[in-house]
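Novice: Please read through the structure below; I'll follow up with questions.
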């Protein structure tokens, strides 16, 4: 006996008098899509036109490069969890405190 025949033996028999076509032929009310009013939210981040690495200050780029070069080779530093050696922690603090844009 195969597994399929075992499964089919335990299924209830089909009722001969039941007409399944009538059940499916009735038109069911279709759900209607409703246009919602757009919610105006304030911007989460207010960025100026110079908020990218290409136009950042040279000091910020240098701090970023020093930090990234360190964490790429240091086996003690693991940036996704915030684990840094003492040198990596100092470089991260310098990177975080260096402004990306010049003060106006």
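Novice: With the checklist (1) at pLDDT below 70; (2) over 30 Å from residue 98 (Cβ atoms); (3) under 40 Å from the mean Cα position of the chain (by Cα) in hand, flag the one item residue 15 doesn't pass.
Specialist: (3)
Novice: Mind counting the residues in the range 53-98 that are outside any helix (DSSP H, G or I) and loosely packed, with under 11 Cβ neighbours inside 10 Å? First the steps, then the outcome.
Specialist: Here is the first cut: in the range 53-98, the residues outside any helix (DSSP H, G or I) are 56-57, 74-78, 82-85, 98.
From the residues that got through so far, the ones that are loosely packed, with under 11 Cβ neighbours inside 10 Å too are 75, 82.
Count: 2.
The values are calculated or read from the model by the stated rules, or taken from the named source; none is laboratory data. Computed from a predicted structure; not experimentally measured. In this analysis, Cβ positions are derived from the backbone assuming ideal geometry, glycine residues included, and neighbour counts consider all displayed protein chains.
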